[in-house]
Amino acid sequence: MVEYSGRTALVTGGARGLGAEICRQLADRGLRVLVAARRREAAEEVCRRMGPAAVPLSLDVASADSVTAAVDEALERFGTIDVLVNNAGVSIDGPRTALDFDEDSLRVTLDTNLVGAWRLAGAVVPGMVRGGYGRVVNVSSSYGSLTLTDSGRHPSYRVSKAGLNVVTRMLAAELAGTGVLVNSADPGWTRTGMGGPSAPRGPEVGADTPVWLATLPEGDTTTGGLFAERKPLPW
Ligand SMILES: NC(=O)c1ccc[n+]([C@@H]2O[C@H](COP(=O)([O-])OP(=O)(O)OC[C@H]3O[C@@H](n4cnc5c(N)ncnc54)[C@H](OP(=O)(O)O)[C@@H]3O)[C@@H](O)[C@H]2O)c1
């Protein structure tokens, strides 16, 4: 029996892939986990497998109304959201290049990967600041690193994750000294719907760095970084 830590985490895109595994690992560490997903039934199914620490939440990060409703529901039921894992993401322009980008794909990708994560932080972080404790993890990618970018493939995805990394830096600067730590995590190429079957690592390995950052202990000062395998990655 895992002892409840008193902390509540909200994980977006929690019903499959890395998100579901992040939920499982956070619950194993004693957190109550709000499994947030567009399809409520999918979140409920994950929660049935995880047991009483997991609670389903309907949430489409691309909809401002949905974000407001989900955060209101969570705060009403549980009082605080102590940990936010912005995991939901899409990658829909793989075959394209920087000179051949598609505007519709760009809009959907930015609205989900960048604006979605940012608006969640906007809705959740003020409560964290009031409580003097918070962990925000933006699930990013080495594809969003300016230093490591050596190709124009996946153009919308790269731009969205580079933007997300700037959000991490801005929030970390703005929240210095509040007890709220904000970091980006690169899970690495992982076998999920997005990563595909050829990826070298399973979700339990890919989830490790996001979960580590989501559970940084009280008093830790790690903030404003991009990490892979628990080590800093160049921006
Ligand atoms: N897999 C990799 O190799 C890899 C590498 C680097 C970074 N990442 C990042 O890791 C994160 C998780 O990816 P994954 O590999 O687990 O991908 P995945 O298997 O395709 O899962 C993506 C998740 O995001 C959710 N999602 C998409 N749009 C959403 C929206 N508007 N609102 C709420 N949820 C939404 C999906 O929900 P539905 O079920 O409703 O579609 C699904 O739960 C992403 O941010 C991704 O960029 C993955």
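Potential lengthening of the chain between LEU148 and ARG107 amounts to 12.4 nm, from the contour at 0.36 nm per residue minus the alpha-carbon distance.
When the surface is traced with a 1.4 Å probe over the full set of protein chains, THR215 keeps roughly 50 Å² accessible.
Accessible surface ranking for TYR143, TYR133, 1.4 angstrom probe, highest first: TYR143, TYR133.
Of the residues ARG77, ARG153, ARG49, ARG135, the one with the largest accessible area comes first in the ranking ARG49, ARG77, ARG153, ARG135, computed with a 1.4 Å probe on protein heavy atoms. Largest first, the residues GLU174, GLU44 sort by 1.4 Å accessible area into GLU174, GLU44.
Estimated at the nearest 10 Å², the accessible area of THR68 is 80 Å² with a 1.4 Å probe. Subtracting the Cα-Cα distance of THR221 and ARG201 from their residue separation scaled by 0.36 nm leaves 4.3 nm.
Axis angle, to the nearest 10 degrees, between helix 64-78 and the longest C-alpha principal axis of the chain: 30 degrees. Between ASP65 and ALA42, the contour length at 0.36 nm per residue exceeds the Cα-Cα span by 6.2 nm. Volume per residue of the convex hull around the Cα atoms, evaluated for the chain, comes out as 117 Å³. Taking Cα atoms only, the orientation of helix 17-28 departs from the longest principal axis of the chain by about 30 degrees. Calculated [222 nm] ellipticity per residue, helices only, for the chain: -12000 deg cm²/dmol; basis is -39500 (n - 2.57) per DSSP H run with n ≥ 4, divided by all residues, nearest 500.
The values are calculated or read from the model by the stated rules, or taken from the named source; none is laboratory data. Note that the structure is a prediction, hence the values are computed from the model and not measured. Ligands, DNA and RNA are stripped out before the accessible areas are found, and what is left, the full protein with its side chains, is counted by its heavy atoms. Shrake-Rupley method; radii C 1.70, N 1.55, O 1.52, S 1.80 Å.
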